[in-house]
Structures are given as C-alpha cells and as structure tokens.
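So the structure is just underneath, and the comments pick up after that.
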Amino acid sequence: MTQVDRNSAKLPLGGLLKGMKVTIKAMVTRVHTVQYPVVKETPVPRARGVIALDPEACTVCMLCARECPDWCIYIEGHKQEIPPDKEGGRVRTRSTLDRFDIDYALCMYCGICVEVCPFDALFWSPDYEYSEFSISDLLHDKERLTDWLETVPTPPALEGA
Amino acid sequence: MTVMDPLVAMHRAEAAVSVELETPGMTLNIGPQHPSTHGVLRLVAQVDGERVTQVQPVIGYMHRGYEKLAEVRTYAQITTLVNRIDWVSGFANEIPYIRAVEKLAGIEPTPRAQFIRLILTELARISSHLVFMSSYPLELGAPTPLMHALRERERVLDLIESVTGGRFHPNFNRVGGVKPAAGGGSSTKKQTQDLPQGFLQGTRAAMGEVGAVCDDLEELVTGNELIQARTIGVGVIPADVALSYGMSGGNLRASGVDFDLRKHEDILPYADLDFDIPLGRNGDCYDRYVVRLQEIRQAARIVQQAIDGLPSGPLQAKVPRILKVPAGEIYVRAENPKGEMGYYVISQGGKVPYRVKIRSASFSNLSILPWVLEGALVPDLVAIMGSLDFVLGDVDR
C-alpha cells in the first residue's frame with residue numbers, strides 16, 4: 001500500500017521549473033515521429049494489414065466465408081469436369097474458384113479466415129496503403145487479392161529459437 | 001460628514017443593486033461532441049451562475065449492440081467484438097470473456113499462454129493509463145504531458161502489435177490458450193504465433209522507458225502548483241459513496257478502498273507475482289491521478305516479474321475442432337484498466353452462446369457523475385469528469 005504524497009513542491013513556482021527541466025530535456029533528444037508520405041515506417045511482420053489470396057490453393061470450401069464474424073467474404077465457384085487421363089478412366093470433378101471478394105469496408109481485421117483456411121490459401125500482409133476515394137473500391141476482387149501475395153513477409157523468428 | 005464623490009456613490013449604488021439581483025438558472029448543454037468527453041457523451045447541466053446544481057448524463061450515442069450481436073456469433077467470433085468495447089485497452093477486454101468460456105467448457109489453458117496473457121494485459125493497462133496521463137492534463141489546460149505520455153504509449157502498442165498483429169484490437173486469445181498458428185494449412189500449421197524474437201528484451205527496455213516517463217510526468221504534472229490547485233479537494237468521492245455507486249478500479253482505490261480483482265480473482269496467475277495496490281486517501285481528482293500514475297509503475301513491475309517467470313511449453317490446450325460449450329451459466333470478472341469488467345455467459349449447449357451480458361467498468365464509474373457534479377463549479381466540471389477516466393465505448397457497448 002502506498003500513500004499519496006501531497007507536499008512535493010514547496011518553492012514558489014518550483015513545480016513549474018521542474019516541468020521546464022523535462023521540456024528542455026525533450027528538446028535535445030531524438031525526434032520520435034516520421035514525416036509520413038516521405039518517410040515510411042516498416043510495420044512488424046505480423047501486422048494485420050491486408051489479406052492475400054493464393055487462388056491455386058483455394059478449394060472453394062467456404063470455411064472462411066462461414067467463419068467470418070461479419071460475413072464480408074463472397075465466394076462463388078463451380079464444379080469442373082476433368083477428362084480421364086487414359087481411355088476408359090473415371091471423369092473427375094474439381095472445384096474451380098470463380099469469384100473471391102473481400103469487402104474491406106466491412107472487414108474487422110480479426111484474422112479468423114486466415115486461421116481457419118485448411119489449404120494455406122490466405123495470408124496476412126502488413127501492407128496498409130490501399131485507401132480509396134469511393135467506398136465501393138474497397139471491395140477487392142480475386143486478382144487484386146492475388147497481387148498482395150508478393151507483399152507477404154516471412155514469419156518472424158520466435159523467442160528462444 | 002464629508003461629501004461623497006459622485007462617482008463612488010454611483011458605484012456603491014450599482015453594487016447594492018447587483019447584490020439583490022438573482023442569477024437565473026440556465027440549462028447548459030455539453031456534448032455530445034465535446035472533445036473532453038472521451039467519446040460521445042452529452043451532459044445536460046442546470047447552472048446557477050458558476051455553480052452546477054444538477055447534471056443529467058445522456059448516454060447511448062455509442063451503442064453498437066454487442067450483446068445482441070454476440071447471440072448470433074460463435075464463441076471464437078465474439079472475441080473480435082469484445083476487443084472493441086473499451087478500445088484503449090483491447091487486450092484486457094478479452095481476458096474475462098475467454099476465461100468465462102473456458103470455465104464453462106471445462107478447458108484449462110496452458111501455463112505459458114496464461115503468462116503471455118498476463119504480460120499483454122499489463123501492457124494494455126500501461127497503455128490505457130498513459131492515455132489518461134496524456135488526456136487529463138490536457139483537459140486541465142496542459143498540453144505538454146500529452147506528447148511525453150503518448151510517445152511511450154506508442155512504444156507499448158508496438159510491442160503488443162509485434163506479438164498479436166493488432167495495435168488496438170489484438171484478437172489474440174483463443175479458448176484454451178493464445179493464437180496457436182498462423183493458419184490451419186499444412187505448411188503454416190507448424191508456424192506458431194509464439195512470442196517473436198526480441199520481444200522479451202524489448203519489453204524489458206520499454207518498461208524502463210515507461211518508468212522514466214513516469215518520472216517525467218511526476219515532474220511535469222504531479223508537483224505542478226496549477227495542477228494541484230485545480231485537482232486537490234475537487235470532486236471528492238468518499239469511500240462509502242463510491243461503493244454504493246458500484247465504482248471500481250482506480251476511482252475506487254483513490255477513495256481508499258483496497259479492492260483490486262488481480263488480488264481477489266484467480267483467472268490469471270497474479271498470485272505468483274509481488275506487487276502493491278496504490279491507494280488514495282481523499283478520493284479527489286488528484287488522488288485519482290496519482291493512483292493511476294503509481295499503477296503504471298506497478299504494472300511495469302508485474303511485467304518484469306512475469307518475464308522472469310515465463311514458463312515454456314505449448315501455447316494451447318487440446319480443444320475440439322468445433323467448440324460446443326455445455327449448457328450452463330457463469331459470471332467471470334477481471335480487473336480491467338478502468339475497473340471491474342465481467343461477462344455473464346449463458347450457454348444452452350452448442351456453438352453459439354444464448355446470452356452474453358457485459359458488465360463494464362466505465363458505465364458504473366460514470367453513474368456517479370450526477371452526485372459528484374452537484375454543487376461543483378463549472379470550470380471544475382471537466383476536471384472531475386476527466387478524472388473518472390471512462391471511455392464511451394465501454395459505457396454504451
């Protein structure tokens with residue numbers, strides 16, 4: 001238990017002078033801010049900036065769209081018939097991705113979709129520069145989400161590793 | 001009898017009239033968009049001259065309906081919502097909720113996960129109190145401490161971001177532990193979300209910096225005569241009144257009540273750590289400020305000890321892939337930076353809770369405003385309101 005000390009400053013204007021000391025100390029230390037559009041800070045590798053999609057890995061299982069807390073992922077796909085490799089073989093069907101949209105105007109950046117994806121199709125990228133003048137442009141389609149793939153960083157080394 | 005100067009006589013006559021003049025009562029509407037209200041709070045004050053005779057807080061402008069939204073979301077999805085209740089300490093909001101679900105489902109989190117939760121909760125407490133340290137002197141008219149406090153808060157937020165990926169909304173807790181892996185796929189499954197390299201060292205260094213900024217704030221604010229004149233003896237809340245209004249957190253401890261859920265509840269392993277509960281004596285604005293400043297130092301102490309005692313081991317306990325919580329109900333509370341935060345979770349068995357009732361600290365702390373502002377001076381109104389350190393997202397949910 002500690003008690004509050006009320007009689008710290010006794011001199012007249014003593015408290016003000018002590019405060020000025022801190023101000024002068026801050027004047028000679030390094031600047032902590034950066035001039036944003038000219039100088040850019042590098043976000044940490046785990047920063048949740050934007051979601052990248054690998055369309056080759058996606059199997060249209062809809063898990064991400066179902067688990068999303070505000071249902072901002074729109075997926076459409078169709079079954080494609082693949083002819084048999086050799087004569088008399090079985091015709092296979094494969095799910096093909098037609099549409100994969102994420103509405104970043106709705107997204108809460110929780111990362112549940114990335115976590116539940118069982119086929120490594122979704123990744124977090126720390127990129128953050130995708131603001132738009134129109135809210136409808138925040139709906140990123142399959143091609144745009146695929147473009148984010150190259151900004152996905154390697155995960156950071158772990159403590160004690 | 002000397003002849004009175006006509007000018008003096010005129011002044012005397014005027015003074016006699018003005019004594020008899022009554023100041024009519026006036027309704028002063030403050031808000032909902034007042035910068036010092038920490039959000040959208042409206043105060044309807046009845047003012048008699050410089051005295052406030054009655055205050056009616058009008059809340060609800062920030063209502064987002066999280067309790068209702070939680071009824072149609074799975075237990076994992078609700079963590080995203082509870083992050084956003086008190087946005088200056090997002091991580092601390094997750095703890096009572098996730099512990100309530102864990103207790104209801106009978107899942108025991110791993111010791112390492114519990115310690116990581118504890119470290120991040122205390123970092124959230126430091127960042128929340130640093131917001132108070134920056135905004136409260138600003139409300140009293142001192143803009144300089146804001147820069148010093150927010151600089152160190154940014155350092156703390158960077159640490160939280162390096163672990164969880166989010167500065168404000170970490171969404172890092174899962175039932176049974178903390179976020180286990182980056183993804184569920186075969187290659188990312190092994191890639192765990194354990195503490196990144198350099199975090200422990202960086203946190204130790206940051207705790208030193210936080211201690212240094214506390215020293216700076218002591219010199220800038222605590223000893224300042226103007227701050228003392230504005231806060232000592234202003235907005236006094238006696239302990240019995242504070243208790244009767246259901247206050248908690250730093251506001252209650254400033255009134256001298258030794259009540260801290262970190263000591264009374266066992267939802268995080270605080271029992272292994274040694275720390276003090278700072279207490280005030282008079283329950284005025286100055287005590288509430290000093291108690292929070294001391295709490296930053298204590299939180300830094302807790303973090304240092306927790307890093308020393310951080311156990312190794314898995315990050316997550318065994319949890320079924322589709323979590324179904326057995327029917328039952330539970331109330332779990334924890335010490336949020338603002339006070340007691342509790343979740344009353346009712347499950348009827350299944351993936352979705354039947355009801356999640358949120359008990360937030362700011363709502364109860366704000367309810368004392370009509371009592372404490374009655375009879376206060378209008379210039380003290382903002383000083384008293386700011387000292388209660390509430391966040392409107394926490395009030396309205």
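In segment A:88-120, what count of residues is obtained for those that are within 14 Å of chain B (Cβ to nearest Cβ) and closer than 28 Å to B:Val82 by Cβ?
Restricting attention to segment A:88-120, the residues satisfying the condition of being within 14 Å of chain B (Cβ to nearest Cβ) are A:106-120.
Add one more test, that the residue is closer than 28 Å to B:Val82 by Cβ, and what stays is A:106-118.
Qualifying residue count for the region: 13.
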Which numbered condition B:Ser248 misses (of (1) closer than 30 Å to A:Ala57 by Cα; (2) of a type in the set (Ser, Thr, Tyr); (3) not in a helix (DSSP H, G or I)): (1)
Residue count, segment B:60-90 (criterion: in contact with a helix residue (DSSP H, G or I) (Cβ under 7 Å, 6 or more places away or on another chain), part of a helix (DSSP H, G or I) and away from chain A (no Cβ under 14 Å)): 2
Within segment A:32-90, tally of residues that are farther than 30 Å from B:Glu209 by Cβ and in a loop (DSSP other than H, G, I, E, B): 22
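Residue under question is A:Thr146, and the condition is that it be farther than 30 Å from B:Leu200 by Cα, away from chain B (no Cβ under 11 Å), open to solvent by 70 Å² or more (accessible area, probe 1.4 Å) and not charged (D, E, K, R); does it hold? Please lay out each step first, then the result.
Details: farther than 30 Å from B:Leu200 by Cα: yes; away from chain B (no Cβ under 11 Å): yes; open to solvent by 70 Å² or more (accessible area, probe 1.4 Å): no; not charged (D, E, K, R): yes.
The answer is no for A:Thr146.
Out of curiosity, is A:Thr154 polar (S, T, N, Q) and within 14 Å of chain B (Cβ to nearest Cβ)?
Values: polar (S, T, N, Q): yes; within 14 Å of chain B (Cβ to nearest Cβ): yes.
Criteria met by A:Thr154.
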Candidate set: segment B:273-290, residues that are within 7 Å of chain A (Cβ to nearest Cβ) and not aliphatic (A, V, I, L, M); chosen: the one farthest from B:Leu388 (Cα to Cα): B:Asp276
Of all residues in segment B:51-92 being of a type in the set (D, E, K, R) and touching a strand residue (DSSP E or B) at 6+ places or on another chain (Cβ under 9 Å), the one that is surrounded by the most Cβ atoms within 10 Å (Cβ to Cβ): B:Asp86
Selection status of B:Ser387, closer than 19 Å to B:Gly280 by Cβ, in contact (Cβ under 8 Å) with a residue 12 or more places away in the chain and open to solvent by 10 Å² or more (accessible area, probe 1.4 Å): no
Scope segment A:62-76; condition within 9 Å of chain B (Cβ to nearest Cβ) and open to solvent by 30 Å² or more (accessible area, probe 1.4 Å); matching residues: A:Leu63, A:Glu67, A:Asp70
Counted residues, segment B:325-365 - those being surrounded by fewer than 16 Cβ atoms within 10 Å (Cβ to Cβ) and at positive phi: 3
Conditions (1) touching a Phe, Trp or Tyr at 6+ places or on another chain (Cβ under 8 Å); (2) at the interface with chain B (Cβ under 9 Å from one of its Cβ atoms); (3) open to solvent by 50 Å² or more (accessible area, probe 1.4 Å); number of the one not met by A:Thr59: (2)
Which numbered condition B:Ala300 misses (of (1) more than 9 Å from chain A (Cβ to nearest Cβ); (2) at pLDDT below 90; (3) buried (at least 19 other Cβ atoms within 10 Å of the Cβ)): (2)
Residue in segment B:366-374 that is in contact (Cβ under 8 Å) with a residue 60 or more places away in the chain, open to solvent by 40 Å² or more (accessible area, probe 1.4 Å), assigned to a helix (DSSP H, G or I) and out of contact with any strand residue (DSSP E or B) (no Cβ under 6 Å at 6 or more places or on another chain) present: yes
Output for segment B:276-322, where each listed residue is free of Cβ contacts under 8 Å to residues at least 40 places away in the same chain and part of a loop (DSSP other than H, G, I, E, B): B:Asp276, B:Ile277, B:Leu279, B:Gly280, B:Arg281, B:Pro320, B:Arg321, B:Ile322
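Looking at segment B:257-267, is at least one residue open to solvent by 40 Å² or more (accessible area, probe 1.4 Å), without any contact (Cβ under 8 Å) to a residue 24 or more places away in the chain and not in a loop (DSSP other than H, G, I, E, B)?
Residues of segment B:257-267 open to solvent by 40 Å² or more (accessible area, probe 1.4 Å): B:258-259, B:263-266.
Of the ones still in play, those that are also without any contact (Cβ under 8 Å) to a residue 24 or more places away in the chain are B:258-259, B:263-264, B:266.
Next, from what is left, pick out any that are not in a loop (DSSP other than H, G, I, E, B): B:263-264.
Checked segment B:257-267: at least one residue is open to solvent by 40 Å² or more (accessible area, probe 1.4 Å), without any contact (Cβ under 8 Å) to a residue 24 or more places away in the chain and not in a loop (DSSP other than H, G, I, E, B).
The values are calculated or read from the model by the stated rules, or taken from the named source; none is laboratory data. Model, not experiment: these values are computed from the prediction. Glycine gets a Cβ as well: all are built from the backbone with ideal geometry, and neighbour counts include every protein chain shown. Side chains are part of the model used for accessible areas, which takes the heavy atoms of the whole protein and leaves out ligands, DNA and RNA. Shrake-Rupley method; radii C 1.70, N 1.55, O 1.52, S 1.80 Å.
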